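Heads up: the structure comes next, in structure tokens.
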Amino acid sequence: DDHLYVTDDFIVTHNTTSLTKIANTAYDAGKNVLQIVFEDTKDQVKRKHYAIFTKTPLSELDNNIDYLRTEVRRIREENRRQGGRLIIKPFSQDGTTMVDIKNWIIRYQKKYGIIFDLIVLDYLDCVESHKKVSDRNENELVVIKAFEALASELNIPAWSAIQTNRSG
């Protein structure tokens with residue numbers, strides 16, 4: 001699950017796993033973390049967090065259910081005492097824009113009184129541009145700039161990854 005490939009031009013990792021580790025590390029440090037997912041289900045991402053919490057390979061999680069439950073409860077209780085929350089929010093790949101994400105974050109923070117310390121968005125290329133642009137690369141640029149603006153406007157550090165081609 002944690003493969004790293006090196007080519008002549010760049011390093012390729014399993015982005016979801018890397019982003020999940022970033023979210024998990026911040027949560028473990030007592031931070032309020034929003035992890036936005038598009039391709040994986042909430043349960044798939046939770047399993048990745050459980051594997052990280054317990055240092056158990058994903059393939060072995062089902063064989064260690066009792067240990068897993070006990071350890072995850074302990075970690076959750078410890079992080080709640082520190083004030084940290086980990087919110088995994090799935091969004092649809094069909095038409096979700098950065099404006100939609102920003103509006104959801106603002107509503108959530110107002111409703112629950114939780115201010116996010118970190119946003120992890122898996123992946124930027126699953127977000128639609130809020131502007132109609134014909135060129136794919138220009139579309140990606142609009143989304144990237146909107147993501148940077150969201151992080152800046154909300155004053156929240158944000159991580160993401162993008163899958164693009166050389167021209168992107």
- Note on the structure: Over all Cα pairs of segment 20-168, the Kirkwood radius sets Rh, and Rg/Rh then becomes 1.01
- Item | Of the trypsin sites (Lys or Arg not before Pro) in segment 17-95, those whose Cβ has at most 13 other Cβ within 10 Å and which sit in DSSP loop | K55
- Message: So if I place +1 on the C-beta of Lys and Arg and -1 on the C-beta of Asp and Glu, and nothing else carries charge, what would the dipole magnitude of segment 109-168 be about its Cα centre? I want it in debye, nearest 20.
- Response: 160 debye
- How about segment 90-147: which trypsin sites (Lys or Arg not before Pro) there are in a DSSP loop, with at most 10 other Cβ atoms within 10 Å of their Cβ? K132
- Using 7 Å Cα-to-Cβ label points, what is the E138/R74 separation (nm, one decimal)? 5.6 nm
- Message: With every protein chain kept in place and ligands, DNA and RNA left out, what is the accessible area per residue of segment 95-154? Probe 1.4 Å, answer in Å².
- Response: 55 Å²
- Excluding ligands, DNA and RNA, the carbon-plus-sulfur percentage of the accessible area of the chain with a 1.4 Å probe reads 48 percent
- Note on the structure: So for R0 = 25 Å, FRET eff. of T25-I162 from the Cβ-Cβ r, to 0.05, ends up at 0.75
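The values are calculated or read from the model by the stated rules, or taken from the named source; none is laboratory data. Remember, it's a predicted structure, so these values are computed and weren't measured experimentally. Because the Cβ atoms are built from the backbone with ideal geometry, glycine has one as well, and the counts that use them run over all protein chains shown. Please note that ligands, DNA and RNA were not included when accessible areas were found on the heavy atoms of the full protein model with its side chains. Shrake-Rupley method; radii C 1.70, N 1.55, O 1.52, S 1.80 Å.
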